[in-house]
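In what follows, a single structure is set out as structure tokens and then discussed.
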Amino acid sequence: MSRKAVPKDIETYVLIDSKRTCPLCAGIDGDYKVKLGQIAHLDKDSGNSKSDNLAFLCHMHHSMYDSTTSQSKNYTIGEVKYYRNTLTKKLNVNPIRENIKPERLEPSRPNCLEFDGINDVLQIRDSDFNKLNEYSISGTFKLYDERYPGVLISLDSIRTRARFIIIYYSSEHPKYPSEIHLKYYHKKGNETLATMNFDKMQWTFFDLTVSEKKIKFVLGSQSLSVIHPYNDFRLDRIQVGGSIWLGGGIMPLSCFLSRLNIFNIEEDVLVTELLFDYGEEYYNNLPNTKGARILGSHFIKLPKPN
């Protein structure tokens, strides 16, 4: 009996979804390389071309899956589906977020938001923030002066009176010269979660990804992931500048901000998009600025880069 071909549209879907990566190679051996292979019918019925019954397998694993032997237990349909679904989720996670490039959107238009480190504030509040289980806050900033320390951004939980902060220690700090720390402040004190060197007087991308148990902190080309025990933290407010006061002379950071984005990672939804690169008029017409308030801080134009 002749083998029925998989319809072209479904074949294309399976190949794109898998990116021609074999789920058994990836799930068992940790091998995510592109492979030569075929589309397997998992129930062994070539007439059943529903997408849930199909998986792209490398030649070796396809042959092993289709073979029958009494000498060893072969791969089961449940195993292949599990590794296929896990692989698909990993390969296709957050396509919107991953398409955002870290560099400035328009270097030739040097508009940005300026923060004086005293009164200027960008504050974002949304009643839906505390429903987020996994989210990312990313942006692009530039120091006003490397000698001035301060808090770049604060993620606040008003209910628990706690906050995650990114703080810059100046080039002249006796203990942490030109370092950026990720810290957690709460009622009983504070803890340093990550430390990175930072001596750049140029535009730098940052990304803070928060879930109930883990935080990933990206700063330029540096990246750190840390496990944290603060699963009761629920986001209420995000703040750049303004009323961030942590004692010990720690004030908001004097800096320039090119943009700030907030993503709901679970649903791959861009919650808030604040773009300052194109100036105030462009910013005022953006669709995803709900809950954002700019107080004191103003748009400026920096000299064009060489």
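Computed from the coordinates by the stated procedures, all read-outs in this text should not be read as laboratory data. From a predicted model like this one, the values you see are computed outputs, not experimental measurements. Methodologically, a virtual Cβ is constructed for each residue, glycine included, from the backbone with ideal geometry; neighbour enumeration extends over all protein chains shown.
For the chain, what is the calculated [θ] at 222 nm in deg cm²/dmol (nearest 500), taking -39500 (n - 2.57) for each run of four or more DSSP H residues and dividing by its residue count?
One gets -4500 deg cm²/dmol as the mean residue ellipticity at 222 nm.
Taking the chain as the reference, fit the longest principal axis to its C-alpha atoms, fit the long axis of helix 77-91 to the helix C-alpha atoms, and give the angle between the two in degrees, 0 to 90, nearest 10.
30 degrees
May I ask you to derive the FRET efficiency for L295 and K81 from their Cβ-Cβ distance with R0 = 51 Å, giving the value to the nearest 0.05?
0.45
May I ask you to derive the FRET efficiency for T195 and N284 from their Cβ-Cβ distance with R0 = 41 Å, giving the value to the nearest 0.05?
0.60
Taking the Cα atoms only, what angle lies between the long axis of helix 8-18 and the longest principal axis of the chain, rounded to 10 degrees?
On a 0 to 90 degree scale, this one is about 50.
Can you sort T272, T195, T12 from fewest to most other Cβ atoms within 10 Å of each residue's own Cβ?
T12, T195, T272
Around F198, which amide H atoms from residues at least 5 apart in sequence, or from another chain, sit under 5 Å from its own amide H, with H modelled in the peptide plane?
Under 5 Å from the amide H of F198 lie the amide H atoms of E179, I180, each far enough along the sequence or on another chain.
Gain in length, K214 to S46, computed as 0.36 nm per residue apart minus the alpha-carbon separation, to one decimal in nm?
56.1 nm
Fewest first, what order do Y283, Y168 take by the number of other Cβ atoms within 10 Å?
If I rank by nearby Cβ atoms, fewest first, I get Y283, Y168.
How do 173-183, 222-232, 15-25 rank on mean C-beta neighbours within 10 Å, highest first?
Top to bottom by mean Cβ count within 10 Å: 15-25, 173-183, 222-232.
Apply the Kirkwood formula to the chain: the hydrodynamic radius equals the inverse of the mean of 1/r over all pairs of different alpha-carbon atoms; give it in Å with one decimal.
22.2 Å
When we measure straight from the Cα of K33, which lysines land under 29 angstrom away, once same-chain ones fewer than 8 places off are left out?
Reachable lysines: K4, K8, K19, K44, K50, K73, K81, K89, K90, K101, K214, K216.
Under the definition of Cα pairs under 8 Å and six or more residues apart, what whole-number percent is the relative contact order of the chain?
Reported as a whole number, the value is 23 percent.
Quick check on the stretch 151-230: what are the equivalent-ellipsoid semi-axes from the Cα gyration tensor, as sqrt(5λ), descending, whole Å?
Square roots of five times the eigenvalues give 22, 15, 11 Å.
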